[in-house]
Structure formats: C-alpha cells, structure tokens
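Read through the structure below, which is laid out as structure tokens, and then see the notes.
The values are calculated or read from the model by the stated rules, or taken from the named source; none is laboratory data. On a predicted model such as this, the values are computed, not experimentally measured, just so you know. When we count neighbours, we look across all protein chains shown, and the Cβ atoms used for this are built from the backbone with ideal geometry, even at glycine. When the accessible area is computed, the model is the full protein with side chains, heavy atoms only, and any ligands, DNA or RNA have been set aside. Shrake-Rupley method; radii C 1.70, N 1.55, O 1.52, S 1.80 Å.
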Amino acid sequence: MLSPGRTVSSRLLRPASWLPFRLGSERGAASSLQKELIKKHELGKDELRPLYMDFQATTPMDPRVLDAMLPYQVNYYGNPHSRTHAYGWESESAMEKARKQVADLIGADPREIIFTSGATESNNMAIKGVARFYKTKRGHVITTQTEHKCVLDSCRILEAEGFDITYLPVQKNGLLDLELLEASIRPDTSLVSVMTVNNEIGVKQPIMEIGQICRSKGVFFHTDAAQAVGKIPISVSNCKVDLMSISGHKIYGPKGVGALYVRRRPRVRLEPLQNGGGQERGLRSGTVPTPLVVGLGAACSVAQKEMEYDHQRVSMLANRLVQKIMSEIPEVIMNGDPEQRYPGCINLSFAYVEGESLLMALKDVALSSGSACTSASLEPSYVLRAIGTDEDLAHSSIRFGIGRFTTEEEVDYTAEKCIQQVHRLREMSPLWEMVQEGIDLKTIKWSQH
C-alpha cells in the first residue's frame, strides 16, 4: 500500500535505492528526466479530461476486476503451467476458476474456453483455423459485409490461399436476410461467420435462427460476440453456436486478453495459428497470462450478476439521449434497425453536418465517427455504406457509446452540447440554407472546375 500523500509516479520517479552504485552522470540524467516528466505533467494538470461516451471502443476497468487481478500481479506470480510446485498450482487454480467464470456467462463447458489475447486473435483463430483444417473437403466460407475488419481481413487472407468467400449483403436495417443465407450455403461450405452485435451501428443479428440454419446444413457457425457478451444474454447451446469470440476490454476487463469458445460436441476442429508448448488444448501455445485471465473471469462474473440491471439502465440513458437530440434537431437519422439492437450503441447521422467537424466541436466529449480500428481514416464507414447510407450521410455520422459508468448528467451534457454545435455548424452550411429555402439538392447539377 502507498502511504497518504504518496503516488505511484512519485515512487517511480525516485532514484532506485537498491542500485549498487550510481554514477554522477546517471544521477544528472535521471534528474533532468524527472524534471521533464514533472514539467509535462504540470502543463496538462489544469486541462479537464473529456466525458467518455465511446464504450464500443473500450470500457474502463471495473474496480472489482482490478481487485481480483492485483494479487496475481504481485504475490501469486507462478507460471500456471508449472506442475512441480505451489507457485504453479496457485496460478493454475486461478486460471481454471477464470475459465469457468467465462464459460458460465455463455452457458458453456469450461473445457471449451480457449484463452487468447483478444477478439481479433479469436476471430483469426476461428476463421482461418476451421477453414484450413477442413480445406480438403470444404473450401467455402460465408460472412457478411458488415463484419469487423479482422473478420473481413481474415477472409481476404483465405481468398489469397484459394478459398471461395461469400460476403453477404445486409438489408437497409443492417440485418442479414436469412433466406439469402440459407440459399448461399453449399455442400462445400465449412463455416458461416456472423457477428452478434455490430460495433458501429449496434444491430443485433438473429444468431439463434442463423445457428439453426447452420446446424441443419451441417455447417459450423462462428460469431464475433465481443460487443454482446456480458451485455445481452447468450447461450451457446440455445443459439447452436460452434465458435464464439470474446474480448476482455469490452466488458470492463483488462486489455490484451480474450477467449474463443470452441464446441466439443459436435466437435469442432481447427488448425492452430500459433505453435509451441501445446497450451490451451494445443490450439493456442504460449504461457497463459494469469493476471489478465483472472481479470477476464472477474469481468464475466460481474457482468453475469449485473447484466439485467446494466441493460435496463443503459436502455434508459440511451432513450434519454436519443429523445433529447431528435426532439431538438431535425434531419437526424438513426442508423440500423430501431428494435433489433443493443441500446448502448447509438449511431446517428446529422444531415448537412460533416461528422469530423462535429467531433472537433464536441472535443470535451470522447465520441467516434465509426470503429476505433478504422476511425483514423477519412473514408466513410464501410458498415454504413453496406446498409445503403448515402455518402454524405455516412460522412455525417457519430457513434455514441453508453455503458455501466455513464451518468445521467453526462448524457444530458452530451445531448445539449450536440444540439448546440449542430445548430451552429448548420448555420454556416450553404447546403442547409438551400434546404431551408425548399431547394431539392438532388436536382442540382454541380459544375466541376
């Protein structure tokens, strides 16, 4: 424990008393480094951090998760794969407890949980692993155009290896047409991969119906559930899911850890991406990071207990935000199905306002114009393009993320600030002025210079 008035940084910045010797030049260099760090800290100390409204990008760690992790960062540091002494046994016991906590959240057997570094690795393992294992008999994989980039890129890698990939379009509301899916399954289809909740527009796919179709056709079903696990009830048995990707930092757990559910009966086989010591049933070699998986397990345990309360509260806050904005601003479009959705992910397009300009105007609120993995790009979101959104509307979209620690005051402030800035930006827009005068912009032939 740190004594009152002491901070972690103050301890880190002190010269190391345990060093056998310290040269004068080293002491001088350390001193100047300390001053530089302190100077940087002082320059920013008066700046207020923005409100956090980007819970689809990541979530803050729940303090209860940190409490569970800390002992394994400091005291219980054994390798969980060391079988000859108590240090290893302690860590192995904690790892297996975490495995059961993850399994309980999705209604799985603990032996079906493989620990990974996150949902990106889980998605890569599931898609490439299954496709490559069954490639001699089945060379066809089906996914959708609105999947996370790591799923689409994994499929493109498989295409380069000679696999046939079908990228199914989605409907205007973002939902997959089940008849189209059924018609697309072929005798040589090995895998269907459809995400549970979309990370950009929050649309919730009918995974139970998709699972039934896949099971009836003898095809494996993988779902990227990073945005769904811990937020909506999911049972891998009821949904007939064969592989499911899970992320720690999307459910108030640590970053750098995730899991892949791999069904044992009927058995799913995959070719491992990573080889070595044969850990995790030989599917994911490498020492399992005990503190991180303990954190993932604790996050899953907390989510299971509080899911119903969290969902009700997030729904209330989301409705409050949407109603406040839409009652004050005309020409606002909610992207994605209004009913089949996770309420904490709200994607709104503000017509005649550039999304990047609005983000800059709302710099005291942490928001996003799309996926955190692609938000650095100025290209319009491929998810919005896939649901048929006009390019100008796609450029004017903002994603609002609401989570466990969001307050009513934060929602009200965000809504008021958004209303104020959209009105301000529209007043400067000649397009908005033309629309107010009754001019149909689609009838105008713009001259090119």
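Could you work out the mean projected area of the convex hull around the alpha carbons of the chain, in square nanometres to one decimal?
28.9 nm²
Note down the net charge around K231, summing +1 for each Lys or Arg and -1 for each Asp or Glu among other residues with Cβ under 12 Å from its Cβ.
Neighbour charge sum, excluding K231 itself: +2.
When you have a sec, figure out the Kirkwood radius of the range 164-297 from all distinct Cα pair distances and drop it here in Å to one decimal?
When all Cα pairs of the range 164-297 are included, the Kirkwood radius is 16.2 Å.
With springs connecting C-alpha atoms under 10 Å apart, model the chain as a Gaussian network and identify which of P110, P266, P169 has the largest mean-square fluctuation.
P266
With a 10 Å cut-off between alpha carbons and a GNM built on the chain, which of A299, A108, A126 moves the most?
Evaluated over the chain, the most mobile residue of the options is A108.
Would you calculate the separation in nanometres between label points at T407 and E182, each defined as 7 Å from the Cα along the Cα-to-beta-carbon direction?
About 5.1 nm, to one decimal.
Calculated FRET efficiency, I444 and S327, Cβ-Cβ r, R0 30 Å, to nearest 0.05?
0.50
In nanometres, what is the gap between the two model label sites at H85 and N275, each 7 Å from Cα along Cα-to-Cβ?
Here the modelled spin labels are 3.2 nm apart.
Keeping all protein chains in place, calculate the accessible area per residue for the range 307-443 (probe 1.4 angstrom), answer in Å².
49 Å²
Considering the options V194, S235, T144, tell which one lies farthest towards the positive end of the dipole of the range 95-241, charges being +1 on Lys and Arg and -1 on Asp and Glu at the Cβ, about the Cα centre.
The residue sitting farthest along the positive end of the dipole is S235.
Taking the Cα centre of the chain as the origin, how large is its charge dipole in debye, to the nearest 20, when only Lys and Arg (+1) and Asp and Glu (-1) carry charge on their Cβ atoms?
2020 debye
Using a Förster radius of 51 Å, what is the FRET efficiency between R424 and S237 based on their Cβ-Cβ separation? Nearest 0.05, please.
Once rounded, the FRET efficiency stands at 0.45.
If I build a Gaussian network model for the chain, linking alpha-carbon pairs within less than 10 angstrom, which residue out of G202, G438, G230 has the largest mean-square fluctuation?
Residue with maximal mean-square fluctuation among G202, G438, G230: G438.
In what order, largest first, do W432, W89 sit by accessible area if the probe radius is 1.4 Å?
Per-residue accessible area, sorted high to low, gives W89, W432.
Projected onto the charge dipole of the chain (+1 at Lys/Arg Cβ, -1 at Asp/Glu Cβ, origin at the Cα centre), which of A225, L175, Y342 gives the Cα projection farthest towards the positive end?
In the chain, that residue is A225.
Taking 7 Å along the Cα-to-C-beta vector as the label spot, tell me the K97-K363 distance in nanometres, rounded to one decimal.
Here the answer is 4.6 nm between the modelled labels.
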